[in-house]
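See below for the structure under consideration.
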2 protein chains.
Amino acid sequence: MASNQTIIVVGCGRLGSLLANRLSSLGSSVVVIDRAETAFENLSPEFSGFRVTGDAAELDVLRQARMEKAGCVLAITSHDNVNVMVAQVARTVFGVPTVMARVNDPSREAVYREFGIETICPTNLSAAAFLSALRGPGEAG
Amino acid sequence: MASNQTIIVVGCGRLGSLLANRLSSLGSSVVVIDRAETAFENLSPEFSGFRVTGDAAELDVLRQARMEKAGCVLAITSHDNVNVMVAQVARTVFGVPTVMARVNDPSREAVYREFGIETICPTNLSAAAFLSALRGPGEAG
């Protein structure tokens, strides 16, 4: 994506705030959306982006975040259903070029990918990390 | 760890059940602990290990799982505090050689490592995966 395009982060929990802080510190223009204003307390004092308080399941909230101008949307609330809905709306209604969604339920990941949404599954990533740390269970060591 | 030693998985949610199923299918001897018996519904029909229903914060429950004989304990409930407590007890009370804990809060990870507990942080893993998928935000693409 072009460097002057905004990245919208939907969900400002642990993962959302970590990403928003990181992207902002890397020089990206960031907009964070969360239903709870208290969630923005997770943002670092250096965060230079915008905060939009509201339910990302409502089109007006996404318009307020100027999603039609965004180069990228990261849908990473803790609710898989919200994430896939926001991701689909970002693609089909707002034509956002890069859309990624957090999907906690590994069994849903394949379905979401069929919709053309790039997914990150914390459960699968963590399972792989544990198995890798065990260095092949059953091996001597 | 030796191949004949048991792996105890504490917490049978999405991540716990995924790991228990995977380790069992790889031939490991697995014991799963969860407070809620319904959690065991996440286990596959092929899961060949043992299920212990109970609060892993209680020593009697850990004894019932025969933790003193375990080669490895994975503390991966959704509660960081429970995980670190179980991990410490596994090391200090039961002398388990390999202990790993899931830690959702990235800011706690360093503290837990000071206790000698290997940690896996789903939040950090996911953030890194999103950033990697963005291929360096700010770059043309």
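None of the figures in this text is laboratory data; all of them are computed from the coordinates on show. Predicted, not measured: the structure shown is a model, and the values here were computed from it. We place every Cβ from the backbone using ideal geometry, glycine too, and count neighbours over all the protein chains shown.
Run the dipole for the stretch B:26-141 about the Cα centre, Lys and Arg Cβ at +1, Asp and Glu Cβ at -1, nothing else charged, and hand back the magnitude in debye, nearest 20. Write out the running numbers ahead of the final one.
Values: 10 positive and 14 negative charges, 51 e Å.
Rounded to the nearest 20 debye, it is 240 debye.
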*List the residues whose amide H sits under 5 Å from the amide H of A:Asn104, counting only those 5 or more places along or on another chain, with H placed 1.01 Å from N in the peptide plane.*
A:Asp80
*asked:* Just to confirm the number: angle between the C-alpha axis of helix A:14-25 and the first principal axis of chain A, 0 to 90 degrees, nearest 10?
replied: 60
*Could you give me the ³J(HN,Hα) list for the stretch B:29-43, computed from phi with Karplus coefficients 6.51, -1.76, 1.60 and θ = phi - 60°, whole Hz, x at Gly and Pro?*
8, 10, 10, 10, 10, 8, 5, 9, 4, 5, 4, 5, 5, 6, 6
*Between copies, how far does the label point of B:Ala110 sit from its twins, in nm, shortest first, when each point is 7 Å from Cα along Cα→Cβ?*
4.2
_Whole-Hz ³J(HN,Hα) for each residue in the stretch A:110-120, computed from phi via Karplus 6.51 cos²θ - 1.76 cosθ + 1.60 with θ = phi - 60°, x for glycine and proline: what do you get?_
4, 4, 5, 5, 5, 6, x, 9, 6, 10, 10
*Using the beta-carbon distance between B:Glu37 and B:His79 and R0 = 22 Å, what value does 1/(1 + (r/R0)^6) give for FRET efficiency, to the nearest 0.05?*
0.75
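Any idea what the relative contact order of chain A is, in percent, if you count C-alpha pairs under 8 Å spaced at least 6 apart? Before the final figure, lay out each step's value.
Values: 250 pairs, mean separation 27.8, N = 141.
Over chain A, the number comes to 20 percent.
For A:Thr6, what charge total do you get from the other residues with a beta carbon under 14 Å from its beta carbon, if Lys and Arg give +1 and Asp and Glu give -1?
Numbers: positive: A:Arg51, A:Arg63, A:Arg66, A:Lys69; negative: A:Glu68.
Taking every other residue near A:Thr6 into account, the sum is +3.
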*In whole angstrom, note down how far apart the Cα centers of the stretch A:5-74 and the stretch B:35-93 are.*
37
*Take the Cα pairs of the protein assembly as shown, get the Kirkwood Rh, then feed it into Stokes-Einstein at 4 °C and 1.567 mPa s and tell me D in µm²/s.*
65
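Taking the Cβ of A:Ala90 as the centre, find all other residues whose Cβ is under 13 Å away and add up their charges (Lys, Arg: +1; Asp, Glu: -1). Walk me through the numbers on the way to the answer.
Working: positive: A:Arg63, A:Arg66, A:Lys69, A:Arg91; negative: A:Glu68, A:Glu118.
Local net charge: +2.
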*Once the label point is placed 7 Å from Cα along Cβ, list for B:Glu58 the distances to the corresponding points in the other copies, in nm, shortest first.*
4.6
*Could you run the Debye sum over the Cα atoms of the stretch B:26-129, one equal point scatterer each and no solvent, and tell me log10 of I(q)/I(0) at q = 0.13, 0.15 Å⁻¹, two decimals?*
-0.49, -0.65
*Can you give the angle from 0 to 90° between the axis of helix B:122-133 and the longest principal axis of chain B, with both taken from C-alpha atoms, to the nearest 10?*
30
*Return the single residue from A:Met67, A:Met100, A:Met85 with maximal mean-square fluctuation; model: Gaussian network over chain A, springs between Cα atoms under 10 Å.*
A:Met85
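Would you calculate, for the protein assembly as shown, the mean residue ellipticity at 222 nm contributed by helices, counting each DSSP H stretch of 4 or more residues as -39,500 (n - 2.57) and dividing by all residues, to the nearest 500?
Values: 10 runs with 104 residues, N = 282.
That calculation yields -11000 deg cm²/dmol at 222 nm.
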